[in-house]
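Chemist: Encoded as C-alpha cells, here's the structure I'll be asking about.
The values are calculated or read from the model by the stated rules, or taken from the named source; none is laboratory data. The shown structure was predicted, so the numbers you read here are calculated from the model rather than taken from an experiment. Cβ: placed from backbone, ideal geometry, glycine included. Neighbour counts: every protein chain shown. Note: accessible area is taken over every heavy atom of the protein model, side chains too, but ligands, DNA and RNA are not part of it. Shrake-Rupley method; radii C 1.70, N 1.55, O 1.52, S 1.80 Å.
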Amino acid sequence: MSHSSVGTNGTRMVDLTQLSRLGLFDAKVPRYTSYPTAPHFAGGVGPEKFVEWIEAIPENGTVSLYLHVPFCRRLCWFCACRTQGTATLGPVEAYVGTLEAELALLRKHLPRGVKLSRLHWGGGTPTLLSPDLMKRLIAAVRETAEFADGAEFSVEIDPNEVDADRLAVLAEGGMNRASIGVQDFDPEIQETIGRPQGFDITRDAVEMIRDTGVHSLNADILYGLPHQTKPRITDTVQKLLSFAPDRVALYGYAHVPWMAKRQQMIPSDALPTPEERLELFETARRLFVWDNYAEVGIDHFAAPSDGLAIAQKTGRLRRNFQGYTDDTSDVLIGLGASSISRFPQGFAQAAPATSAHVGAIREGRFSTARGHVFSEEDRFRGRLIEAVMSDFRIDADEIVDSFGIDRADLFKLFKQANDQFENLLEITEAGLFVPPKARPLTRLVARAFDAYDLSKAGHSSAV
C-alpha cells in the first residue's frame, strides 16, 4: 500500500499506510448522529415520559418537527431505512389520517406559544402523497404550531415521484428547502442498486422545484456503491454541480444486508474495497472544494452563503439524525412510525412497525416504544463527540464551563485518545484538534470518547 497525497485549496496529505495501521479500513463505527447511538436505546421511555418531556418545553420556545412517511412506490435495494412498498394510495391515505391524529395529540400537550424553527418531511417518499393529502398534512401542522421567524420547511423529494401540482402545494404550504436523492447518475450503478433515475428526470425535477420559487436545494449522493470508479463518481459530481445545489451530503454507502434484507440483491463482490472507498470520497471531495463549496463536518458541503457553512464558521454547527444542522432549537419532535425525538432530557423513539404505531395513535396515545434518559456523563461525552464530528476540535474552556469537569481530567482524556492515534491529533492549551491529515479518522476519534459497548450493534464501515 502506498502513500497518497491529495492536494486542494486546503491541502490534505493522507498516509494510507498509517491509516491502515490505525485500523481505518477494518473498523465498523457509528455515524454518531446521536449519543448514545440508537442501538443503545431501551425500554423505560414510553408514552408517559414522552408527554412529560413535551410538556416541559418552555412556553413561547421553538422546536423542530420531523414527520416520517414510511412508504415508497418501489423499494430501492441500497436503502436501509424502515420503509414499505405500496402500489396504491390507500395505505398512505390511512397513514396521513394517523399523522393528523398524532399532531392533534401533540397539540394537546404542547405548551403555549411554541413555534416551529424547522419542519422536515422525510421517509420513505413524502412526495408519494397526492396534492390533497399534502394539503391536509400542512393544515394539521399549522393547527399544531405556527412557524417561527426564519423557519425552514424542507421535504425529501424523489425525482421519480413528483410533479408540478405536488410541488406547487408544498411551496404554497411554506416549503422553502427541497432535498433530492441522487445516489449516482451512472446507469449500471443505478440498475445494480435498484434505483433507476436518469439525469434528465432529476434535472427536470430541479427545474420544477425552482419554478415554484423554492431556491434552497439539498442533494444526497453516495460513495462506495457497486461498480463505482473514480471516473464514474467524477461524472456524477460534475452533473450534480450543474444544478448548483446549496448543500450536498456525500454519504458512504453502508452495506448491511444482515439488517436490511433488500441489500442482499446487491452483489458484494462488486463493492469497492475500503481503500477504494476512501479514494472515491477524496475524488468527490476535491471536486466540491474546487467548485468553492465549504467542507462541513465529515461528509457535507455547502455554498459559502448557506446557513450550514455559516454555522460551521461561527461554531454553531450541530449533529442530528439528518446529519448536520444549523438549527438552534434543542428539541426535535419526531412523529410517525420509527421516528426519533430528542429532548434535553433524552431520546424517545416511536414504535418501528407501522401497524403498532397506528394502533397506539388510534387508542389516543403516542406509540413511544423505547429511548434513553441522559445521564450527566452522556451529556458530557455527547458534546465531546458532537464537537469532534462537527468542528474537528474540542474547545477545553467550553467543556470545563459547561460541565464543570476538572481541566486536568479533560486533558487526560485527550491524551488517552491521542495515544490511540500515534499522536496524530494536536493537543494545545485550547483543547484537542483533528488536523486535516487525520480527518478520515474522525469517526474513530469520536469513538475514543464513547463509553458504551460498541459490540452490540453492527455498525457501518469507518470509511
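Chemist: Of (1) of a type outside the set (S, T, N, Q); (2) at pLDDT below 90; (3) in contact with a helix residue (DSSP H, G or I) (Cβ under 9 Å, 6 or more places away or on another chain); (4) not in a helix (DSSP H, G or I), Ile189 satisfies all except one. Which?
Modeler: (4)
Chemist: For Ala351, which of the numbered conditions (1) closer than 27 Å to Ala151 by Cα; (2) part of a loop (DSSP other than H, G, I, E, B); (3) at pLDDT 95 or above; (4) among the small types (Gly, Ala, Ser) fails to hold?
Modeler: (1)
Chemist: If you don't mind, another one. For a quick check of your reading: which strands (runs of 3 or more DSSP E) sit entirely within segment 288-327 and have at least 1 residues that are within 15 Å of Ala387 (Cα to Cα)? Working first, answer last.
Modeler: Values: elements: 294-296, 300-302, 318-320, 323-325.
Hits in segment 288-327: 294-296, 318-320, 323-325.
Chemist: Might you check whether a residue that is open to solvent by less than 40 Å² (accessible area, probe 1.4 Å), assigned to a loop (DSSP other than H, G, I, E, B) and not acidic (Asp, Glu) occurs anywhere in segment 377-388?
Modeler: no
Chemist: Evaluate the following for Arg136: is it in a strand (DSSP E or B) and either modelled with pLDDT under 95 or open to solvent by 40 Å² or more (accessible area, probe 1.4 Å) (or both)? Show your work before the answer.
Modeler: Values: in a strand (DSSP E or B): no; either modelled with pLDDT under 95 or open to solvent by 40 Å² or more (accessible area, probe 1.4 Å) (or both): yes.
Here the answer is no, as Arg136 does not meet what is asked.
Chemist: At pLDDT 65 or above, open to solvent by less than 70 Å² (accessible area, probe 1.4 Å) and closer than 26 Å to Leu287 by Cβ: does that describe Val14?
Modeler: Values: at pLDDT 65 or above: yes; open to solvent by less than 70 Å² (accessible area, probe 1.4 Å): yes; closer than 26 Å to Leu287 by Cβ: yes.
Here the answer is yes, as Val14 does meet what is asked.
Chemist: Continuing with the same structure: So Met175 ticks every box in (1) assigned to a loop (DSSP other than H, G, I, E, B); (2) open to solvent by 20 Å² or more (accessible area, probe 1.4 Å); (3) not acidic (Asp, Glu) but one. Which box is left unticked?
Modeler: Result: Met175 fails condition (2) only.
Chemist: Which residues, taken from segment 391-434, are open to solvent by 20 Å² or more (accessible area, probe 1.4 Å), among the hydrophobic types (A, V, I, L, M, F, W, C) and not in a loop (DSSP other than H, G, I, E, B)?
Modeler: Val400, Phe403, Ala408, Phe411, Leu413, Ile427, Phe433
Chemist: Would it be correct to say that Gly181 is over 21 Å from Thr98 (Cα atoms) and in a strand (DSSP E or B)? First the steps, then the outcome.
Modeler: Working: over 21 Å from Thr98 (Cα atoms): yes; in a strand (DSSP E or B): yes.
Answer is yes for this residue.
Chemist: Only one residue in Lys415, Lys456 is at pLDDT 95 or above, more than 27 Å from Trp53 (Cα to Cα) and out of contact with any Ser or Thr (no Cβ under 8 Å at 6 or more places or on another chain). Which one? If you could, list the steps in order and put the result at the bottom.
Modeler: On the way: Lys456 fails: at pLDDT 95 or above.
Within the list Lys415, Lys456, the selection yields Lys415.
Chemist: Give Asp406, Asp401, Asp391, Asp397 a once-over and let me know the one that is more than 30 Å from Leu106 (Cα to Cα) and either touching a strand residue (DSSP E or B) at 6+ places or on another chain (Cβ under 8 Å) or among the β-branched types (Val, Ile, Thr) (or both).
Modeler: Being more than 30 Å from Leu106 (Cα to Cα) and either touching a strand residue (DSSP E or B) at 6+ places or on another chain (Cβ under 8 Å) or among the β-branched types (Val, Ile, Thr) (or both) holds for just one of Asp406, Asp401, Asp391, Asp397, which is Asp397.
Chemist: Being more than 24 Å from Val296 (Cβ to Cβ), of a type in the set (Gly, Ala, Ser) and buried (at least 19 other Cβ atoms within 10 Å of the Cβ): is that true of Ala145 here? Give the steps one after another, and end with the answer.
Modeler: On the way: more than 24 Å from Val296 (Cβ to Cβ): yes; of a type in the set (Gly, Ala, Ser): yes; buried (at least 19 other Cβ atoms within 10 Å of the Cβ): yes.
It is true that Ala145 is more than 24 Å from Val296 (Cβ to Cβ), of a type in the set (Gly, Ala, Ser) and buried (at least 19 other Cβ atoms within 10 Å of the Cβ).
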